[in-house]
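Here's the structure we're looking at; comments come further down.
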Amino acid sequence: MKRFALAIKLGSLSVFTGMTMGGCPGGDGLVASLRPPPVIIPFGSTQDTFVRSFEVDLSDYPETRSINWEFGDGSMQAGLPVSQGRIVSHTFSSNGTFQVIVHLFGPPDLAAGTGPEQIGVGSLPVDVTGPNELPIADFTVQEVFDDLGQTVSLARRFSALGSRDPDGTIELFEWDFGDGTTGEGIDVEHTYENSGRFVVRLTVTDDRGGEGTTTRTVLANSLPEAQFTFSIDATNALRVNFDGTGSSDADGPLTEFSWDFGDDSDEAFGAVISHTYAEPGDYTVVLTVTDEFGAMDSASQVVDVVGSEPFVRSVAPDVGIVGSNVVDAVLDGENFQSGATVLLRQGATPINGTSVEFVSPTTLRADFDLSAAPLGDYDVIVINPDNSSATRIAGFRVVTPDRVRLVTSMGDIVLDLVEDAPISTANFLEYVTDDFYNGTIFHRVIPDFVVQGGSELPDGSPQTPVRPPIQNEFSPTRSNIRGTVAYAKLPNNPNSATSGFFFNLDDNSENLDNQNGGFTVFANVIEGMDVVDAMAAVPLDGEQPVTDIVLIRAERE
């Protein structure tokens with residue numbers, strides 16, 4: 001059998017037709033045909049599945065010997081015989097529209113020695129929608145505020161913005177607020193009629209009818225209000241009676257009344273309660289009430305406890321220099337009487353006030369002559385004309401004009417302040433008097449050089465200076481030699497000293513006397529240099545002691 005092609009001119013259209021010599025009933029003849037592209041016929045289920053089945057109609061291509069399929073998603077089936085390739089199935093990996101193409105090939109031309117030629121190509125766009133992935137419901141709950149910024153206690157705002165649909169869109173947001181009411185919308189607000197814990201349910205529906213749901217327990221609660229009154233006990237002026245029954249909760253009971261009496265005593269409980277203070281003073285008392293749902297409210301008041309006996313709260317100033325006169329020292333306390341006397345006592349040694357002025361039941365003024373007074377701590381004693389008395393233990397201290405004791409975690413160190421650096425020594429004494437150094441650490445140790453402290457706390461945070469930097473008072477007559485104490489400064493700023501200081505462990509004069517304007521020596525170690533040397537020998541992490549060396553207390557001596 002021989003094949004050839006005949007071109008027939010039909011108007012302006014050239015059509016190539018396949019012609020076969022012989023093979024037709026009734027003898028030899030010519031058969032011409034105009035063939036359309038092969039038709040792809042989808043069949044089977046097309047909803048909620050990634051699997052699609054296709055059949056190619058070979059009615060117009062009876063000479064087909066092999067078939068190739070392309071599925072538009074990068075995959076194909078090639079070289080299939082008609083028995084396998086006429087009907088195929090394919091599983092798509094995702095939703096989308098894919099162009100499915102079929103290629104038909106005829107038999108090889110054995111005479112010419114050529115392979116199969118493509119005789120037809122058909123295509124079909126296929127919409128693939130796989131199984132519906134259900135939407136995921138999620139929501140947040142927020143408080144609602146009025147125009148004044150106050151919380152609307154029983155109102156809540158619900159937002160479903162966190163909900164999502166993996167393979168489509170969410171078209172419906174339905175709410176069950178747990179109190180018998182419902183709502184719709186992606187962002188809704190709801191006010192409950194009563195306090196309670198409510199199970200809120202959100203149901204979301206996607207564009208294919210799939211549903212997702214989630215629940216969350218929501219507390220809506222009208223907050224309690226704390227209130228209390230107090231009175232001084234008629235039988236004990238240090239005892240105060242407190243009444244918190246004026247506290248309330250609009251929609252339920254109060255389950256707890258907790259009291260902080262402001263004097264470091266233990267927390268106490270009860271709606272009505274009494275508390276006895278150890279000494280007179282102004283105390284901030286806080287009542288905290290709790291309702292059945294755990295909501296709290298607090299109220300506070302300052303309670304002035306005066307007692308009935310004289311009481312010395314403080315003396316200012318609380319130090320005096322031996323050999324001097326202290327004029328108008330102010331005693332603060334309670335229940336002083338006109339005609340009261342004041343004295344200082346150390347052991348058996350009294351120092352009577354040379355002049356005592358009654359200012360008020362809470363204030364006295366007194367003068368003291370400290371000529372030849374022994375150094376150290378003194379009790380401050382007030383005696384009323386009715387012989388009632390009060391004592392402030394170690395309320396006053398007689399000191400030298402130029403000595404300071406540093407009580408450290410490794411031992412005591414006594415400093416003698418120099419006479420010719422008045423700005424520097426006054427600055428140091430002010431920090432000592434203010435208790436600024438108490439609890440600081442010696443944060444920098446360089447063996448054979450310096451031990452530095454006075455400006456850092458144990459957690460590594462700075463102890464921020466409370467006074468401005470002082471003028472540099474370096475003098476070559478006060479050199480940075482072993483056993484001296486000098487101020488630390490900022491680089492390239494001679495007048496930047498504040499609270500930081502260092503001990504010289506060696507003769508550092510050649511270095512520290514000749515840089516940054518010279519480092520001002522303001523004191524000498526007269527006791528405890530062995531303690532300083534022990535500090536220089538501790539284990540270090542760089543320049544930081546591995547274990548904190550604490551300056552427990554700095555006091556004038």
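The convex hull drawn around the Cα atoms of segment 272-412, when projected onto a plane and averaged over every direction, covers 13.4 nm². For segment 164-269, taking Cα atoms only, Rg and Dmax work out to 24.3, 80 Å respectively. For segment 142-240, GluC sites (Glu not before Pro) are listed when DSSP marks them as loop and at most 13 other Cβ atoms sit within 10 Å of their Cβ; the list is Glu193.
When you restrict to C-alpha pairs under 8 Å that are six or more residues apart and normalise by the size of the chain, the relative contact order lands at 7 percent. The chain gives an Rg/Rh value of 1.39, both radii derived from C-alpha positions and Rh following Kirkwood. With the Kirkwood sum run over all distinct C-alpha pairs, segment 428-557 has a hydrodynamic radius of 14.9 Å. As a size descriptor, the averaged projected area of the C-alpha convex hull of segment 53-118 was calculated at 5.0 nm². Just the protein heavy atoms count here, and of the accessible area of segment 91-166 at 1.4 Å, carbon and sulfur take up 52 percent.
Please go through segment 383-476 and write out the GluC sites (Glu not before Pro) that DSSP classes as loop and that have at most 13 other C-beta atoms within 10 Å. Here the sparse-neighbourhood loop sites are Glu419. For segment 249-362, with all protein chains in place and a probe radius of 1.4 Å, 49% of the accessible heavy-atom surface sits on carbon or sulfur.
Toward the positive end of the charge dipole of segment 372-511, with +1 on the Cβ of Lys and Arg and -1 on the Cβ of Asp and Glu, the farthest Cα among Gly500, Val380, Leu429 is that of Gly500.
With helices as the sole contributors, the chain gives -1500 deg cm²/dmol at 222 nm; each DSSP H run of n ≥ 4 counts as -39500 (n - 2.57), and the sum is divided by every residue.
Placing Ile87, Ile351 in order of accessible area, with the largest value first and a 1.4 Å probe, yields Ile87, Ile351.
Can you pull a Stokes-Einstein diffusion coefficient for segment 473-550 at 4 °C (1.567 mPa s), Rh from Kirkwood over Cα pairs, as a whole number of µm²/s? The estimated diffusion coefficient comes to 97 µm²/s. Taking θ as phi - 60° and the Karplus parameters 6.51, -1.76 and 1.60, the scalar couplings of segment 482-487 work out to 3, x, 8, 10, 9, 7 Hz in sequence order, x denoting glycine and proline.
Direction-averaged projected area, Cα convex hull, segment 443-518: 5.1 nm², rounded to one decimal. Taking the longest Cα principal axis of the chain as reference, the axis of helix 422-433 is set at about 80 degrees. Evaluated on segment 421-477, the Kirkwood hydrodynamic radius is 13.0 Å, with distances taken between all distinct Cα atoms.
Dividing the mean sequence gap of close Cα pairs (under 8 Å, 6+ apart) by how many residues segment 336-433 holds gives a relative contact order of 20 percent. Projecting the Cα atoms of Gly149, Ala112, Asn511 onto the dipole axis of the chain, where Lys and Arg carry +1 and Asp and Glu carry -1 at the beta carbon, places Ala112 farthest toward the positive end. Accessible surface for the chain, divided over its residues, is 51 Å² per residue with a 1.4 Å probe.
The values are calculated or read from the model by the stated rules, or taken from the named source; none is laboratory data. This one's a predicted model, so the numbers in the text were calculated from it and none came from an experiment. Cβ atoms come from the backbone with ideal geometry, glycine included; neighbour counts cover every protein chain shown. With ligands, DNA and RNA removed, areas are computed over all heavy atoms of the protein, side chains included. Shrake-Rupley method; radii C 1.70, N 1.55, O 1.52, S 1.80 Å.
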